[in-house]
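The values are calculated or read from the model by the stated rules, or taken from the named source; none is laboratory data. Note that the coordinates shown come from a computational prediction; the quantities given were computed from them, not determined experimentally. Positions of Cβ are generated from backbone atoms using ideal geometry, with glycine treated the same way; all protein chains shown enter the neighbour counts. What goes into the accessible areas is simple: the full protein's heavy atoms, side chains included, and nothing from ligands, DNA or RNA. Shrake-Rupley method; radii C 1.70, N 1.55, O 1.52, S 1.80 Å.
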Amino acid sequence: MTDPKIVDITLAGHSYPVVIGPALLENAAYWISPLLPRQHSVIITDETVAALHLPKLQQNLESNGIKLDVLVLPTGEKTKNWQTLERILAFLVDAKIERTDAIVALGGGVIGDITGFAASILRRGCNFIQLPTTLLAQVDSSVGGKTAINMPQGKNLVGAFHQPVLVLADTDVLATLPRRELLAGYAEVVKYGLINDAAFFDWCDTHAEALVAGDTSARAHAIETSVRAKGFIVAQDPHETNGTRALLNLGHTFGHALEAETGYSNALLHGEGVAAGIVLAFQFSTARGICSAADAARVTAHFNRLAMKTSIAAITTASGAKLVAHMLQDKKRQQGTLPFLLARGIGQTYLDASVNLADVAAFLDGTFSPLTLAAE
Ligand SMILES: NC(=O)c1ccc[n+]([C@@H]2O[C@H](COP(=O)([O-])OP(=O)(O)OC[C@H]3O[C@@H](n4cnc5c(N)ncnc54)[C@H](O)[C@@H]3O)[C@@H](O)[C@H]2O)c1
Ligand SMILES: [Zn+2]
């Protein structure tokens with residue numbers, strides 16, 4: 001077995017390893033067994049992941065003497081709801097899960113978010129383990145401790161901060177992930193370079209095609225760098241109170257508006273909205289005269305090369321005013337104004353509280369008078 005990479009996430013009073021590498025599911029007992037006081041656990045997963053990856057995990061855990069109960073949920077975002085949460089809680093109680101047992105979440109962000117939330121409230125908090133199976137979950141949702149379900153009024157409205165005790169990011173499971181899902185997760189990878197690590201963006205620019213095509217060492221490097229970056233940011237702001245963690249939302253205000261306009265549907269995956277949102281954030285920064293046109297063009301070209309959508313026109317015909325209205329609905333609104341993540345350049349993202357929403361609407365309509373900096 002290739003030696004995995006280990007990134008330790010340390011948050012106030014709590015530390016856990018994120019293990020990154022191939023063949024982790026078929027060797028999961030090695031990592032999980034020491035965390036189980038009585039060699040009994042439950043696995044929560046979805047139908048798609050169960051068909052592809054559950055057998056090797058189950059086989060390894062059971063052959064190492066771990067008794068398992070398994071709950072397979074329907075695939076998709078709709079699973080993150082109250083009814084399913086209740087179903088998970090009933091299942092966990094029936095399986096006699098105690099606080100010191102560890103609940104295993106095997107799947108993408110949907111399974112990780114709802115299982116983590118169930119773990120956070122069952123018996124006032126049980127241990128849980130993340131086995132993320134999408135690139136998005138490996139680089140983003142499995143790290144940092146945000147758990148949630150959706151309400152009819154909006155996404156992720158009910159949840160808790162609850163850190164896992166272990167994350168196993170098996171790079172082999174990404175082999176079955178559809179290219180579109182992989183690219184959506186990749187947008188969050190590029191995001192870390194654009195926030196504060198220009199050298200990592202350079203690396204992405206060189207390795208994007210190899211990573212997308214299946215180069216496992218490129219994938220492992222991207223996951224490790226992303227997890228480290230997220231861990232570093234989250235450690236400075238574990239409960240999103242001092243503004244540091246907001247940096248992780250680069251591209252997300254524009255992206256959420258596009259997602260909302262397309263009805264959070266399959267028409268635009270979250271990461272696709274983020275990629276387009278990042279491009280818009282850079283182009284808007286250029287239009288405001290704070291980022292060079294060359295940097296914005298480089299970011300746009302990067303996603304274009306991968307055939308990701310980088311223009312509003314490719315996504316919706318909605319007006320700027322309508323998209324801004326979606327932004328105001330977003331839960332990150334603070335007293336009617338919106339702080340925007342803008343960039344002074346690649347790797348130089350900052351939170352700007354002085355953005356005029358009328359300017360944003362005009363920019364989205366293509367009528368904002370640009371103050372473009374000369375290309376370098
Ligand atoms: N907690 C956080 O900090 C955080 C951060 C970002 C996103 N999220 C949440 O994560 C969710 C999105 O995560 P996601 O994109 O992983 O969605 P997902 O869990 O729905 O997975 C996407 C699709 O890929 C399938 N899949 C998963 N692993 C696979 C594999 N290895 N091979 C083939 N198919 C596979 C799933 O069955 C699903 O159809 C959203 O609900 C979002 O709100 C949470
Ligand atoms: Zn995101």
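Okay, here's what the table says:
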| item | result |
| --- | --- |
| Within region 173-187, considering residues that are closer than 20 Å to residue 254 by Cβ and within 7 Å of ligand 1 (Cβ to nearest atom), the one surrounded by the most Cβ atoms within 10 Å (Cβ to Cβ) | 185 |
| Residues that are out of contact with any strand residue (DSSP E or B) (no Cβ under 9 Å at 6 or more places or on another chain) and buried (at least 24 other Cβ atoms within 10 Å of the Cβ), drawn from region 192-210 | 192, 193 |
| Test: residue in region 106-115 that is assigned to a helix (DSSP H, G or I), at pLDDT 95 or above and touching a Phe, Trp or Tyr at 6+ places or on another chain (Cβ under 8 Å) | yes |
| Qualifying residue in region 270-286 (condition: within 16 Å of ligand 1 (Cβ to nearest atom) and open to solvent by 50 Å² or more (accessible area, probe 1.4 Å)) | yes |
| Entirely in region 1-72, the strands (runs of 3 or more DSSP E) that have 1 or more residues that are under 24 Å from the mean Cα position of the chain (by Cα), among the acidic types (Asp, Glu) and surrounded by fewer than 17 Cβ atoms within 10 Å (Cβ to Cβ) | 5-11 |
| Lone qualifier among 131, 136 - being within 19 Å of residue 186 (Cα to Cα), under 20 Å from the mean Cα position of the chain (by Cα), in contact (Cβ under 8 Å) with a residue 12 or more places away in the chain and not in a helix (DSSP H, G or I) | 131 |
| Qualifying positions in region 132-183 - of a type in the set (S, T, N, Q) and within 16 Å of ligand 2 (Cβ to nearest atom) | 134, 138, 141, 142, 147, 150, 156 |
| Residue match in region 107-124 (condition: open to solvent by 10 Å² or more (accessible area, probe 1.4 Å) and polar (S, T, N, Q)) | yes |
| Out of 213, 246, sole residue that is over 23 Å from residue 352 (Cα atoms) and among the aliphatic types (A, V, I, L, M) | 213 |
